[in-house]
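Have a look at the structure below, then the notes.
Readers should treat all values here as calculations from the given coordinates under stated rules, not as data from a laboratory. Note that the coordinates shown come from a computational prediction; the quantities given were computed from them, not determined experimentally. Virtual Cβ from ideal backbone geometry, glycine too; neighbours counted across all protein chains shown.
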Ligand code: 5AD
Ligand code: SF4
């Protein structure tokens, strides 16, 4: 079979990254190899995100560029996958006739056969979104770990690169309907994967040399609540899954994301203390510090309840590193509401946060609210929030100076080395002192920046 080159560009979240891996791997069965240059590709796949208008605009402008490329190379195929594809469907093809395949979030497993049908019959849109489907088992194929080599590329084609940390999707979709959020429309109703499928996937990764796994879902706390995930349908919770995954031989580190504070149970808080390998790091999106805005967002918790959960987390795991997501300028947000978000930032002193200006998304309830905040005001509030967060991040990072932290080495080279602490901080160090990428070592932290730390390997410790 003649070999063709595909190029895949991923936008958005970690869920999309994992979906891109699945698409890439499935294409290898259809005579494709992955290339790194869009201008040489026979097939270009854009795995898209529609969480904010900006994310969608990026996709549309890349598609504009590809229209010109395709004029000079008409045999090139263009496939749009992911959340924009799911939401826009046939409208996308109507606006962008140079696109060959629009493929929804639940249809990626059929990419190969769908491309064949495009070859025979021309452009297609496939965006079926079902409430009751079983997430197919798609075991990753990784090269065996090569000591001393690592890199950022996906563990697919090149044995000289290896990611020691991988994502495993444990559920799809979301039932929460936060009023600003497009996810229930792009990824459908919540659906959990079978526990045995997840365990098999993690084992496969660990056997290939992966050291750290992050379990992914829009709201992992409700894992196993909407459909049976264990044999005979007996109750099985996210905490149960954490325990089982953590017992897999050879798995050094376990993380998960994302959680909704309303569903954060005491049981899960205890898991941070009791589940071996679960890293002391937690991403717990709060979105706003104002109860009025939280109500309008349909988040189903108050700022006080959030702070209570943070207090409990600190009781069990004093050194936990907390991060969050914040939306500024949600419809109706007053100066006072925003001040309450700032107060919450001061109360928790997050290690880091992702903060965004509210963006109207089609189909969401908030997009119909009529008290939108002025763009200029949103930008000012975002700048105020981010400035203070940066100061706090630096102070938080400075608390690590002088301490010895456990670090998973990601890169070792003559120009220096890099890794991540259990608290998920990036650490740079001058050399690997006889260790190789994939090793977990003690690093003495000597300097703190806003976004990373600097240290030296401490072999004596
Ligand atoms: N506008 C701005 N930010 C949003 N997010 C989700 N939807 C929107 C929106 N319409 C943010 C939330 C979420 C993160 C992934 O993206 O903070 O936690
Ligand atoms: Fe973007 Fe959400 Fe889709 Fe992820 S699930 S790609 S964040 S819209």
* To do: Would you please calculate the Kirkwood hydrodynamic radius of the stretch 163-279 over all C-alpha pairs and express it in Å, rounded to one decimal?
  => 14.6 Å
* Over all directions, average the projected area of the Cα convex hull of the stretch 4-126 and note it in nm². => 6.6 nm²
* Structure fact -> Residue separation between residue 316 and residue 368 times 0.36 nm, minus their alpha-carbon distance, gives in nm 14.5 nm
* Ratio of the chain's C-alpha Rg to 2.2 N^0.38 Å, to two decimals? -> 1.00
* So if we plug the beta-carbon distance of residue 9 and residue 305 into 1/(1 + (r/R0)^6) with R0 = 30 Å, what FRET efficiency do we get, rounded to 0.05? -> 0.15
* Kirkwood hydrodynamic radius of the stretch 287-399 from all distinct Cα pairs, in Å? -> 14.7 Å
* To do: Write down the Kirkwood hydrodynamic radius of the stretch 340-393, to one decimal in angstroms, obtained as one divided by the mean of 1/r over all alpha carbon pairs.
  => 12.6 Å
* Give, in nm to one decimal, the length gained when the segment between residue 57 and residue 234 is fully stretched (0.36 nm per residue of separation minus the Cα-Cα distance). => 59.2 nm
* Asked: In what sequence, highest mean first, do 130-139, 284-293 appear when ranked by Cβ atoms within 10 angstrom?
  -> 284-293, 130-139
* Asked: Which order results if 351, 447 are arranged by neighbouring Cβ count within 10 Å, fewest first?
  -> 447, 351
* Asked: For the stretch 404-457, what value does the Rg/Rh ratio take when both radii are computed over Cα atoms and Rh is the Kirkwood radius, given to two decimals?
  -> 0.91
* Helix-derived mean residue ellipticity, 222 nm - over the chain, DSSP H n ≥ 4, -39500 (n - 2.57), to 500 -> -10000 deg cm²/dmol
* To do: With a point put 7 Å past each Cα toward its Cβ, work out how far residue 394 is from residue 431 in nm, to one decimal.
  => 3.2 nm
